Amino acid sequence: MFANGQSVIQLMEQLAPKHYAVENDKIGLQLGTLNKPITKVLVALDVTDAVVDEAIETGAELIIAHHAIIYRPLAKLDTSTAAGKLYEKLIKNDIAVYISHTNLDVADGGINDWIADLVGIMPEGRQSLEEVYTDKLYKLVVFVPESHHEQVLESIWRSGAGKIGSYSNCSFNMKGTGTFVPGPGTEPYIGSQGKLERTEEIRIETIVPYSVHRKTVQAMLKAHPYEEVAYDLYPVDLKGRSFGLGRAGKLIEPLTLGELAERAKEVFDVPAVRVVGKLDRVIRKAAVLGGSGSRYVRHAIFAGADVLVTGDIDYHTAHDALAAGISIIDPGHNIEKVMKHKVAEWLNEQLAVSKSETKAIASTLDTEPFTFI
């Protein structure tokens, strides 16, 4: 059975939740409908005329891309223009376009982590360059019969709740007596209709991040034996985990700037990189940012990085970096193409879990607009 488009996007938003996106970023469904079965999903960096042809040829009804095709409200849809012809082709072939941009950059295991992995930054101790989103925290309180205490608690923890800093499986558990009278039409797990029941229960308290609160409540309700579960979920005035753009951290092994530049050429599959700084400089800590990184040089300096690996560095920013003592490797904006295979692979894993026949495929087209000669 093939997944509905909405179901595919629900999976995508588990990887890159929409609330991770920077303000006013053009993400989400940009064209078409998700209310249809999807046999194939084409994952692309950019939605060009050639990419749309690829979607048609492969039979994809949905394109998930990183870069938006609509940046500002349309005053008109003129199909004689390049953009208008693109939209027309998508509509005529019933191909929907969904954009996952800065939310995929920010996400754990998203673009910036994939780039950091390729550069050789250790996973331990990585930090973001700029905070974008801080998870709100909630307190979950639920009352459980002693017989199902461990079962419910384990389900809550598996959903992602119960984490405080570097500690996991955090909770407070207290015994007490619960009372209730099952009404007409009920099928109580404990007690009888119309009779006051007193039973030994355990009060579970734990912290739940906003990002998983729906998943946690669903897991708790599924594991709980009662028809009507007594629970509370309320916000607390505590700061949760922060998520942000870019990554910085120590290299697995120190390299010279020249060696790191050669590695960048190889792992990002680019014919050339632009380098700012002395090639024999030893690099121990690196920062990365997918896309245009000129604005993030000072963030990389603040993070203590010896080098910033990013795209679209301009002339004056390069001079400023030299003066500030930080090196730069610019392999281009197009290195974000790493998302094609990674997103397709992740979606296929999730679709397999749900036993869906829908398949995600990575675009084989190179949308790099520059030619290196």
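The values are calculated or read from the model by the stated rules, or taken from the named source; none is laboratory data. Quick caveat: nothing in here was measured; it's all calculated off a predicted structure. Every residue, glycine among them, receives a Cβ derived from its backbone with ideal geometry; neighbour counts consider all protein chains shown. Note: areas computed on protein heavy atoms with side chains; ligands, DNA, RNA excluded. Shrake-Rupley method; radii C 1.70, N 1.55, O 1.52, S 1.80 Å.
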### Query
About the Cα centre of the chain, what is the dipole size in debye to 20, counting +1 per Lys and Arg Cβ and -1 per Asp and Glu Cβ, all else neutral?
480 debye
### Query
Short version: ³J(HN,Hα) in whole Hz for each residue of the stretch 180-187, in order, from phi by Karplus 6.51 cos²θ - 1.76 cosθ + 1.60 (θ = phi - 60°), x for Gly and Pro, what are they?
6, 10, x, x, x, x, 7, 10
### Message
For Cα pairs less than 8 Å apart in space and 6+ apart in sequence, what is the mean separation divided by the residue count of the chain, i.e. the relative contact order in percent?
### Response
21 percent
### Message
Run the simple label-point estimate for residue 282 and residue 174 please: 7 Å along Cα→C-beta, distance reported in nm.
### Response
5.6 nm
### Query
Once amide H atoms are built 1.01 Å from N in the peptide plane, which residues 5 or more positions from residue 129, or in another chain, come under 5 Å H to H?
245, 246, 247
## Note on the structure
With every protein chain kept in place and a 1.4 Å probe, the chain has an accessible area per residue in Å² of 52 Å²
### Task
About the Cα centre of the stretch 207-352, how large is the charge dipole given +1 on each Lys and Arg Cβ and -1 on each Asp and Glu Cβ? Please answer in debye to the nearest 20.
220 debye
### Query
Which of the pairs 89/337; 163/285; 136/215; 215/342 have their Cα atoms more than 21 Å apart in this structure?
89/337; 163/285; 215/342
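So what is the 222 nm mean residue ellipticity for the chain from helices alone, if each DSSP H run of at least 4 adds -39500 (n - 2.57) and you divide by all residues, rounding to the nearest 500 deg cm²/dmol?
Per the formula, -8500 deg cm²/dmol.
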### Cut-off under 5 Å, modelled amide H: who pairs with residue 3 long-range
38, 357, 358
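Place a +1 charge on the Cβ of each Lys and Arg in the stretch 1-46 and a -1 charge on the Cβ of each Asp and Glu, then give the dipole magnitude about the Cα centre in debye, rounded to the nearest 20.
220 debye
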### Query
Regarding the chain, what is the average projected area of its C-alpha convex hull, in nm²?
23.9 nm²
### Table column - 3J(HN,Hα) (Hz), the stretch 224-241, Karplus curve with 6.51, -1.76, 1.60, x for Gly and Pro
7, x, 6, 5, 10, 8, 8, 8, 10, 9, 9, x, 10, 8, 10, 8, x, 6
## Note on the structure
Sequence order, the stretch 263-272: Karplus ³J(HN,Hα) from phi using 6.51 cos²θ - 1.76 cosθ + 1.60, θ = phi - 60°, Hz rounded, Gly and Pro as x, gives 4, 4, 4, 6, 6, 9, 6, 10, x, 7
### Protection proxy ranking of 198-211, 269-282 - average other beta-carbon atoms within 10 Å, highest first
198-211, 269-282
### Task
For residue 230 and residue 214, calculate 0.36 nm times their separation in residues minus their Cα-Cα distance, and state this gained length in nm to one decimal.
4.1 nm
### Summary
Residues meeting the amide H criterion for residue 309 (H placed from the backbone, H to H distance under 5 Å, 5 or more places apart or on another chain) are 287, 288, 289, 329
### Distance histogram for the stretch 308-364 (every C-alpha pair counted, 10 angstrom bins, percent rounded to whole numbers)
20, 29, 19, 18, 11, 2
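Would you mind telling me the share, in percent, of accessible area of the chain contributed by carbon and sulfur at probe 1.4 angstrom?
Details: 10160 of 19400 Å².
C and S fraction of accessible area: 52 percent.
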